[in-house]
1. If ALA281 satisfies all but one of (1) away from the ligand (no atom under 13 Å from the Cβ); (2) touching a residue at least 40 places away in the same chain (Cβ under 8 Å); (3) within 15 Å of the chain's Cα centre (by Cα), what's the number of the condition it fails?
2. Return the pair list, or none, for Cβ contacts closer than 7 Å from residues in segment 117-133 that are farther than 23 Å from MET223 by Cβ and surrounded by fewer than 19 Cβ atoms within 10 Å (Cβ to Cβ) to residues that are of a type in the set (S, T, N, Q) and at pLDDT below 95, at least 6 apart or on different chains.
3. Just name the residue that is surrounded by the most Cβ atoms within 10 Å (Cβ to Cβ) out of those in segment 186-227 that are of a type outside the set (A, V, I, L, M, F, W, C) and within 26 Å of ASN274 (Cβ to Cβ).
4. Assess whether TYR154 counts as being under 24 Å from THR226 (Cβ atoms) and either of a type in the set (Gly, Ala, Ser) or in contact (Cβ under 8 Å) with a residue 24 or more places away in the chain (or both).
5. Among (1) surrounded by fewer than 19 Cβ atoms within 10 Å (Cβ to Cβ); (2) under 28 Å from ASP291 (Cβ atoms); (3) polar (S, T, N, Q), which single condition is ASN241 missing?
6. Quick one: which of GLY172, GLY200 is within 16 Å of the ligand (Cβ to nearest atom), assigned to a helix (DSSP H, G or I), small (Gly, Ala, Ser) and without any contact (Cβ under 8 Å) to a residue 60 or more places away in the chain?
7. Go through segment 2-105 and tell me which strands (runs of 3 or more DSSP E), entirely inside it, have 3 or more residues that are under 24 Å from VAL283 (Cα atoms) and of a type in the set (Gly, Ala, Ser).
8. Please specify each residue of segment 249-278 satisfying the condition of being more than 11 Å from the ligand (Cβ to nearest atom), among the hydrophobic types (A, V, I, L, M, F, W, C) and in a loop (DSSP other than H, G, I, E, B).
Amino acid sequence: MEKNNTVIISDDRNSSLAKKISLHLDVEYKNTELRAFADGESKIRLDNVAKKNCIIIHSTYPPTDRHLMQLFMIIYKCKEDGASNICVVSPYLAYTRQDKVFVDGEIITVNLVTKIFASLGTTKLITVDSHSPNVLNCSFATIDLTAIPSLSAYVKKNMTINNPIVVSPDEGGIERAKKFARLINANILSLVKTRDRFTGDVSISLSEELPLKKRTALIVDDMISTGTSVIKAIELLKKNNIGDVYVICTHALLLDDAKEKLLKAGIREILSTNSIPNEFAKVDLSSVISDYFLKQ
Ligand code: R5P
């Protein structure tokens, strides 16, 4: 990475993470001024970045479509200025959950998002613990980093957990949960989640009988959105006499009253990264992201 020619760009919303990355990498930071008008339109202003290697830090959590549009605007400005490279780092990248057409007539929306990225001149896309990294099948390079080692290191250093069992709320998340379990030296339990493709209703069952009585469950998932998946998992674990329950995720969207619902379900703690600003973001992603660039 050419330090003198590289610039980290973000709006205010992503500036805390972006500034830390610029410090780790020892490169310039540039703020994009972003304004949203009453009618929902946005306006950006960014200094000229001609011939620069631009690294844009921009998570696309809700309001998702507004934040995506703002990201498109930043990429467009970099391209118009004549940036040498445009690397988009979207620690939380929206639309990765739909990785196939489940019901006739649907589209895989993330394909549309990445096509827009490509048409705007994006040269690389980096995300973290993408729900479906396989879906990021683009004409430019894509990198899916992982926060699992950082989350597990936090747990090892800061929590005293007896007789733990790592739980994946669904089979899709099993590899992430297995990795987490290996790192803290615990067993793993994968639950089976089914979702009604028309109503969206979720049901969760046990894939195997394991002695759970009084054990400490660490539920590991890529994201908590409404909290429904995790709450269903907790109900099932409680029926099987589990002890304490901790919820660990990379992306804590925590929409509406998800936090209250999770606390009411009896969890001890939520742990997440700062891909989305939230009160449980105790694991900082700046080293995970910076380390990737330092190794280039
Ligand atoms: C989906 O399979 C994901 O891994 C998460 O389990 C899910 O998106 C979480 O959403 P919610 O919190 O609304 O259940």
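The values are calculated or read from the model by the stated rules, or taken from the named source; none is laboratory data. Since the structure is predicted, the reported quantities are computational estimates derived from the model, not experimental observations. Virtual Cβ from ideal backbone geometry, glycine too; neighbours counted across all protein chains shown.
1. Only one criterion in (1) away from the ligand (no atom under 13 Å from the Cβ); (2) touching a residue at least 40 places away in the same chain (Cβ under 8 Å); (3) within 15 Å of the chain's Cα centre (by Cα) is unmet by ALA281, namely (2).
2. Matching pairs, first to second residue: ALA118/SER139.
3. Per the stated criteria, the residue is GLY227.
4. no
5. So the condition that ASN241 fails would be (2).
6. GLY172
7. Qualifying strands (runs of 3 or more DSSP E): none found.
8. ALA265, ILE267, ILE276
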